[in-house]
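Engineer: My questions will all concern the structure given below.
The values are calculated or read from the model by the stated rules, or taken from the named source; none is laboratory data. Everything quoted here is computed from the prediction, not taken from an experiment. Counting neighbours? That spans all protein chains shown, and the Cβs are built from the backbone with ideal geometry, glycine included. Note: areas computed on protein heavy atoms with side chains; ligands, DNA, RNA excluded. Shrake-Rupley method; radii C 1.70, N 1.55, O 1.52, S 1.80 Å.
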Amino acid sequence: LEEERERRMATDLRNESLKADLDLIKKEASQLTEKCAALANSLKDAESERDACKEEASRSTKHAERMAVALDEAERRAAASEEGNQRSRSDALKAAADSAQASDAKTTAEAVAKRAETQRRYFE
């Protein structure tokens, strides 16, 4: 009887230890589940930010293309004026100003496009 009682006590102690281990494992699993949920939310946020950067890069690229066309047109008008076209001096000055403004806009648009592209790459 004494041996049986000792075996039961040892079994009870083992069971208590296993229950404690199980509780600890459940707690760790719960914490890991919370971490996974937080990481999933972070991933969603990062994907949204990446998509926004891609859209901005696309808009910036289109704007840069429009500015390049405007620059080409302004440069064409300036060249025509410089070649002695029938335009007056004020037209030539205006074309040069348009060219400079378009160049500044193109440079700005290119910088924005590069920044957006860098951000897009960062979030990929």
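Engineer: Any residue at all in the stretch 106-113 that is surrounded by 17 or more Cβ atoms within 10 Å (Cβ to Cβ), under 30 Å from L43 (Cβ atoms) and modelled with pLDDT of 85 or more?
Structural biologist: Yes.
Engineer: Given the conditions (1) open to solvent by 50 Å² or more (accessible area, probe 1.4 Å); (2) more than 27 Å from the chain's Cα centre (by Cα); (3) modelled with pLDDT under 90, and given that A102 satisfies all but one, which numbered condition is not satisfied?
Structural biologist: (1)
Engineer: Which condition does A70 not pass, out of (1) open to solvent by 60 Å² or more (accessible area, probe 1.4 Å); (2) over 27 Å from Y122 (Cα atoms); (3) of a type outside the set (S, T, Y); (4) modelled with pLDDT under 95, if it passes all the others?
Structural biologist: (1)
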